[in-house]
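J.: I am attaching a structure below and will ask some questions about it afterwards.
The values are calculated or read from the model by the stated rules, or taken from the named source; none is laboratory data. Quick caveat: nothing in here was measured; it's all calculated off a predicted structure. Virtual Cβ from ideal backbone geometry, glycine too; neighbours counted across all protein chains shown.
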Amino acid sequence: MACSETWLEILSAWHDGEATPAEVGRVSMHVPGCEPCQSTLADFRRIRRAFQGAPRAGVQDRPARRRRSGRLLAAAALAAAMLAAIVGAKNLHPETGLAEQLELRHVQAFSRSPACEFHSADPAAVGHWLAENVGYEVQVPAIPDAELLGARRCPLNGGMTASVLYRRRGESVTLFLPRTGSPVAEETERLALEVGGCTVGRLGLTVCAQRGRVVTAETRQTALLALQSR
């Protein structure tokens with residue numbers, strides 16, 4: 001979550017439009033240089049979108065000071081919702097759609113510290129590790145304006161798929177590179193045809209696919225940029 005409990009409360013208030021003018025000024029100065037707080041704001045936006053329309057009984061009737069005093073409790077509830085999605089990714093139903101599987105695997109990876117099984121900014125080293133650990137060779141692209149973090153093995157449809165992790169302007173990105181001819185590769189091609197390249201998952205992440213690769217990111221722009229990189 002955020003870099004401190006104080007900032008968690010301020011960011012939650014800011015996200016809900018309840019921050020004071022002084023807090024708004026602090027957010028504008030602090031967040032651009034703080035990656036944990038950037039990620040927290042992204043989580044707030046993603047979870048709010050995922051649960052948009054859910055009942056909020058009693059929230060509007062509470063005084064503002066009571067809402068603010070319970071801010072950390074509300075933030076903890078949002079974190080619990082994200083945790084439920086992460087736990088759910090460990091036991092995905094076989095019929096779960098590919099886009100949702102990839103979205104959950106992405107959240108699961110970046111919820112961990114460290115996010116990668118293998119850490120390296122060297123594409124050749126990442127490719128070598130993946131070849132040894134998933135059993136096939138992949139080409140690790142350099143995404144413009146993005147930092148290569150490393151790689152993970154990603155269990156999908158009963159097999160292991162290569163995934164490469166990046167950070168672009170505070171945005172987390174996972175590029176999945178399935179084995180040619182595998183069920184995941186075939187599903188990737190079907191997904192690309194069905195959604196016209198991109199769709200938005202249950203948690204509000206963008207999932208974009210094309211032949212041989214699929215990416216999960218917080219924005220469509222970054223997702224498409226990752227797909228086009230070679």
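J.: Suppose the filter is in contact with a strand residue (DSSP E or B) (Cβ under 7 Å, 6 or more places away or on another chain) and either surrounded by 15 or more Cβ atoms within 10 Å (Cβ to Cβ) or of a type in the set (D, E) (or both); does L130 pass it? Step through it out loud before you land on a result.
T.: Numbers: in contact with a strand residue (DSSP E or B) (Cβ under 7 Å, 6 or more places away or on another chain): yes; either surrounded by 15 or more Cβ atoms within 10 Å (Cβ to Cβ) or of a type in the set (D, E) (or both): yes.
In short, yes.
J.: Do any residues in region 147-159 that are without any contact (Cβ under 8 Å) to a residue 12 or more places away in the chain have Cβ atoms under 6 Å from those of residues that are acidic (D, E), where the two are at least six apart or on different chains, and which pairs are they?
T.: Listed by first residue and then by second, the contacts come to nothing, as the list is empty.
J.: Out of all the residues in region 174-191, which are of a type in the set (A, V, I, L, M) and modelled with pLDDT of 85 or more? Break it down stepwise before answering.
T.: Filtering region 174-191 down to residues of a type in the set (A, V, I, L, M) leaves 175, 177, 184-185, 191.
Once the filter is applied, which keeps residues that are of a type in the set (A, V, I, L, M) and modelled with pLDDT of 85 or more, region 174-191 yields L175, L177, V184, A185.
J.: Right, next: Pairs under 6 Å by beta carbon, first residue farther than 17 Å from G170 by Cβ in region 1-26, partner acidic (D, E), six or more apart or different chains?
T.: Pairs that qualify, where the first residue is farther than 17 Å from G170 by Cβ and the partner is acidic (D, E), are I10/E23.
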